[in-house]
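The values are calculated or read from the model by the stated rules, or taken from the named source; none is laboratory data. The structure displayed is predicted, hence computed values, not measured ones. Cβ coordinates were reconstructed from backbone atoms using ideal geometry, including for glycine residues, and neighbour counts include every protein chain displayed.
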Amino acid sequence: MSPDSRSGAPEGAHGTTPLVGRVTGGAGIPGEPSDDGTDDFPLGALDRLTVLVVEDDHVSRQALEIIFAYYGARVLSAESAREALSCYERTRPSIVVSDVGLPDSDGCVLLRSIRDREFGHGRRTPAIAVSSTENSERARGAGFDAFLPKPIDVGALLRMVHALTSPG
């Protein structure tokens, strides 16, 4: 992870869509009801997973790191496609959750690079794109298994990660 930009603006401030929508209720407080769709998602449900989060916006990246770690995942993060590819090659994560709009490339190019590396190795890493709605078709065409528009529904993201990484 890298520090916030020196200008005071969040990293990746080229986009205006927030990553996570407004969360109310007892979100993040165990046993308290919340409005974020996570009430029925059990703690520890992601404890065998390594999630690679690719997001250029520092605040959004940290939010995803916290969410996945809270539910038991080991979280690796990258702020660029180049950093993500290097991280992927070192760790072979269970799943990739990536923004489509990245500063050095984009999430679609990143995923094509991952798919090229997997070709012939009998492995296909599930991948979820998180981005503005207009990137949905492009993301699916690039090989993402699922797409979530920003601001994301945290409960839907967790259920999607669980479904894509569960055996069978």
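General remarks:
- Of all the listed residues (74, 117), the sole one being at pLDDT below 95, farther than 21 Å from residue 150 by Cβ and surrounded by 13 or more Cβ atoms within 10 Å (Cβ to Cβ) is 117.
- Residues that are among the basic types (Lys, Arg) and under 12 Å from the mean Cα position of the chain (by Cα) within the range 120-168 comprise just one, 150.
- In the range 28-66, residue surrounded by the most Cβ atoms within 10 Å (Cβ to Cβ) [restricted to those that are at pLDDT below 85 and of a type in the set (Val, Ile, Thr)]: 38
- Residues of the range 149-168 that are under 17 Å from residue 44 (Cα atoms) and either among the aliphatic types (A, V, I, L, M) or not in a loop (DSSP other than H, G, I, E, B) (or both): 154, 155, 156, 157, 158, 159, 160, 161, 162, 163, 164, 165.
- Here the range 87-113 is the region considered, the condition is being more than 15 Å from the chain's Cα centre (by Cα) and assigned to a helix (DSSP H, G or I), and the residue that is nearest to residue 167 (Cα to Cα) is 91.
- Going through (1) surrounded by fewer than 18 Cβ atoms within 10 Å (Cβ to Cβ); (2) among the polar types (S, T, N, Q); (3) free of Cβ contacts under 8 Å to residues at least 60 places away in the same chain one by one, residue 135 falls short only on (1).
- Per the listing 69, 127, the residue uniquely crowded, with 21+ Cβ neighbours inside 10 Å and either without any contact (Cβ under 8 Å) to a residue 24 or more places away in the chain or of a type in the set (A, V, I, L, M) (or both) is 127.
- Positions within the range 84-114 being polar (S, T, N, Q) and buried (at least 24 other Cβ atoms within 10 Å of the Cβ), in sequence order: 98
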